[in-house]
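The values are calculated or read from the model by the stated rules, or taken from the named source; none is laboratory data. No experiment lies behind these values; they were computed from the predicted model shown. Reconstructed Cβ throughout: ideal geometry from the backbone, glycine too, with neighbour counts over all protein chains shown. With ligands, DNA and RNA removed, areas are computed over all heavy atoms of the protein, side chains included. Shrake-Rupley method; radii C 1.70, N 1.55, O 1.52, S 1.80 Å.
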Amino acid sequence: MQQIIRERISSLRNVMAREGISAFIIPSTDPHLSEYVASYWKTREWLSGFTGSAGTLVVTSRDAGLWTDSRYFLQAEEQLAGSGIDLYRDMLPGTPDIPTFLGTFLQAEEKVGIDGKVFSTQQVETLREQLSSFSLALQTDFDPIPKIWKDRPLLPTGVASVYELSYAGTSSQDKIAAIREEMRKQKISSLFLSALDEIAWVLNIRGKDVKCNPVVISYLLITPSEVIWFIAPQKITPEVAGYLTSQDIQTVPYESVQTILSSGIPSPLSLNPSKTNYAVFSSVPGDCRIIREESPVPLMKAIRNDTEIRGVRQAMVRDGIALCKFLYWLSEAVPAGKETEMSVTARLHAFRSQHPLFQGDSFDTIAGYRQHGAIVHYSATSESDQVLLPEGFLLLDSGAQYLDGTTDITRTLALGPLTSEEITDYTLVLKGHIALATARFPKGTRGAQLDVLARMPLWQHHMNYLHGTGHGVGHYLNVHEGPQSIRMNENPVVLQPGMVTSNEPGVYKADSHGIRIENLILVRPDGEGMYGKYYAFETLTLCPICRKGIDLHMLTDEEISWINTYHAEVYRQIAPALTPAEQTWLREQTSPLIR
């Protein structure tokens with residue numbers, strides 16, 4: 001494989017040399033700046049062999065480097081070995097950013113190429129300014145990939161489908177009316193949306209264009225009098241066509257977006273420069289005033305209505321049943337031998353798929369045994385697949401797409417005896433998880449203000465994790481969504497009732513073990529108090545937390561009480577759907593902890 005990677009990069013360099021490009025930057029995204037992309041746009045993966053969802057490849061005439069974040073340090077190191085591509089651990093001291101790297105290796109006046117269709121406007125503007133400080137030029141229409149990727153996958157061809165009102169809770173017409181009201185307040189004449197999950201939410205449409213993400217490749221333009229959906233005509237079935245007519249939504253071909261924007265639309269136009277690719281942005285005429293801001297859609301989408309909240313609770317019960325059946329099976333299968341990371345992944349999928357509302361996994365399951373658990377976004381392959389032994393930790397991060405909700409859960413499972421270090425680490429992560437789950441906070445609180453709760457037990461032992469503690473989760477949509485988050489980085493979005501967020505502290509020790517405990521939590525009102533309203537979290541996920549790794553002497557009485565209360569609720573809601581043998585197992589897993 002590494003020889004193939006070297007040949008691909010050599011072919012790229014040949015095209016670069018012919019066209020006078022000294023460096024080419026390849027991101028992980030598509031024209032919609034998506035986190036997960038269709039195979040057609042997996043250019044960075046094809047050129048580098050690195051399969052993580054986040055990373056940027058830079059190729060010059062002599063050197064190549066890949067920048068990625070802490071979730072993928074170990075994975076990238078393994079996958080890039082022997083490829084001639086150097087790993088740059090992003091955001092660590094001593095790691096140069098990409099413009100500095102290029103300024104060091106290139107000469108003044110040399111040209112850096114990018115494909116403006118897969119870079120946000122904000123990224124291009126920042127990059128151009130940074131490169132200019134090194135006297136480097138930026139060419140934004142360089143796309144050599146069609147010349148070298150001969151067996152490139154086709155563009156997604158799946159059809160769109162209507163997301164029924166019984167699941168969505170609010171009609172597309174009502175959502176559009178609310179959006180137009182926000183536009184009126186902000187004196188906006190046109191609103192352009194590029195993010196696929198935002199478009200799917202507004203239109204109550206779902207699709208299968210991106211693995212695990214039920215979205216449709218498209219753009220959307222909303223004006224006071226029109227809603228224009230840019231989509232490939234072959235994706236529109238007669239049923240969808242009738243639905244769109246009923247909602248007063250017109251369609252035009254996907255490829256016509258730049259032509260229509262360039263022909264003149266009502267001004268001012270609102271678009272988000274961090275979510276709109278540079279090629280599309282550049283097609284807007286100069287006489288159209290552009291308001292560069294986040295649209296009202298992400299926040300509207302993040303606050304669940306009553307139907308969505310009811311649906312996600314039902315999905316959590318369903319998911320909990322599948323997980324408990326799987327965990328019971330796992331408790332007998334591992335001692336029997338021969339089960340591997342990949343085989344248990346397939347078995348978990350099989351348990352979930354038995355329900356008719358199941359639509360697929362919400363992301364590729366992470367099943368990391370022992371040292372593989374330290375690779376935050378590990379993906380088992382036939383070469384790395386490990387046999388599970390009745391000892392050590394298995395980190396299992398998985399989720400499902402159901403018609404009435406999206407799930408995301410991580411359990412770190414003790415398959416047998418643990419070391420004292422593993423027990424201590426596990427208990428510290430659990431303490432952080434409980435601290436966030438039990439938080440009460442005043443209206444106006446941001447996720448960054450709560451993040452410390454989950455990290456403090458680890459910090460007190462000079463440990464940390466470099467990923468966020470919580471991300472928003474879509475409603476039968478993308479498993480990662482904004483605008484809210486719980487992480488160390490500042491985010492001005494405040495937490496509001498109806499928001500669903502993950503709670504997933506962890507700790508990762510290379511060549512040893514990884515631990516993460518994740519539930520989904522719902523922000524809910526918690527009454528009045530000093531200076532106004534207070535909020536709290538309701539834990540939605542229903543699955544026992546592994547007890548074998550807990551050092552009870554490290555927990556407070558309040559923490560033990562939380563675990564016991566949570567486990568009692570898990571048993572109450574899940575046990576009736578299990579077999580007698582499974583109920584006996586669950587009763588043991590959820591019995592009260594006593595110090």
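Descriptive notes on the structure:
- Count of the stretch 236-279 residues which are closer than 23 Å to Thr140 by Cβ, in a loop (DSSP other than H, G, I, E, B) and touching a strand residue (DSSP E or B) at 6+ places or on another chain (Cβ under 6 Å): 3
- Within the stretch 76-87, no residue satisfies the criterion of being surrounded by fewer than 21 Cβ atoms within 10 Å (Cβ to Cβ) and under 23 Å from Ser34 (Cβ atoms).
- Elements of type strands (runs of 3 or more DSSP E) in the stretch 425-540, at least 1 residues being among the charged types (D, E, K, R) and open to solvent by less than 30 Å² (accessible area, probe 1.4 Å): 481-486, 513-516
- When Thr307, Thr345 are checked against the criterion of being part of a helix (DSSP H, G or I), modelled with pLDDT of 95 or more, open to solvent by 20 Å² or more (accessible area, probe 1.4 Å) and touching a strand residue (DSSP E or B) at 6+ places or on another chain (Cβ under 6 Å), a single residue qualifies: Thr345.
- When the test is whether a residue is touching a residue at least 40 places away in the same chain (Cβ under 8 Å), β-branched (Val, Ile, Thr), buried (at least 23 other Cβ atoms within 10 Å of the Cβ) and in contact with a Ser or Thr (Cβ under 8 Å, 6 or more places away or on another chain), Ile550 does not pass it.
- Single residue of Leu395, Leu388 found to be under 22 Å from the mean Cα position of the chain (by Cα), crowded, with 24+ Cβ neighbours inside 10 Å and over 30 Å from Tyr163 (Cα atoms): Leu395
- All told, Arg62 meets the bar of being open to solvent by 10 Å² or more (accessible area, probe 1.4 Å), at pLDDT 90 or above and not in a helix (DSSP H, G or I).
- Positions within the stretch 206-229 being without any contact (Cβ under 8 Å) to a residue 60 or more places away in the chain and under 18 Å from Ser161 (Cβ atoms), in sequence order: Gly207, Lys208, Val216, Ser218, Leu220, Trp229
- Pairing each residue of the stretch 149-168 that is assigned to a loop (DSSP other than H, G, I, E, B) with any residue that is open to solvent by 80 Å² or more (accessible area, probe 1.4 Å), provided the two are 6+ apart or on different chains, yields C-beta distances under 6 Å for Gly158/Lys208.
- Screening the candidates Thr29, Thr43 for the property of being closer than 19 Å to Asn478 by Cβ and either surrounded by fewer than 20 Cβ atoms within 10 Å (Cβ to Cβ) or not charged (D, E, K, R) (or both) yields one hit, Thr29.
- Lone unmet requirement of (1) surrounded by fewer than 22 Cβ atoms within 10 Å (Cβ to Cβ); (2) in contact with a strand residue (DSSP E or B) (Cβ under 9 Å, 6 or more places away or on another chain); (3) touching a residue at least 60 places away in the same chain (Cβ under 8 Å); (4) not aliphatic (A, V, I, L, M) for Cys288: (3)
- Counted residues, the stretch 9-26 - those being open to solvent by less than 20 Å² (accessible area, probe 1.4 Å) and over 11 Å from Val59 (Cβ atoms): 0
- Listed by first and then second residue, the pairs with beta-carbon distance under 9 Å, at least 6 apart or on different chains, first residue in the stretch 392-403 and farther than 20 Å from Asp197 by Cα and at pLDDT below 95, second polar (S, T, N, Q) and part of a strand (DSSP E or B), form an empty list.
- Test: Ser34 is out of contact with any Ser or Thr (no Cβ under 7 Å at 6 or more places or on another chain) and surrounded by 23 or more Cβ atoms within 10 Å (Cβ to Cβ): yes
- In the stretch 236-275, the qualifying residues are those that are charged (D, E, K, R) and under 23 Å from Met183 (Cβ atoms), and the one that is surrounded by the most Cβ atoms within 10 Å (Cβ to Cβ) is Lys275.
- Flag for Phe73 being in a helix (DSSP H, G or I), of a type in the set (Phe, Trp, Tyr), at pLDDT 90 or above and surrounded by 19 or more Cβ atoms within 10 Å (Cβ to Cβ): no
- Where a residue in the stretch 37-58 is free of Cβ contacts under 8 Å to residues at least 60 places away in the same chain and in a strand (DSSP E or B) and its partner, wherever it lies, is surrounded by fewer than 19 Cβ atoms within 10 Å (Cβ to Cβ) and of a type outside the set (D, E, K, R), with Cβ under 7 Å and at least six apart: none
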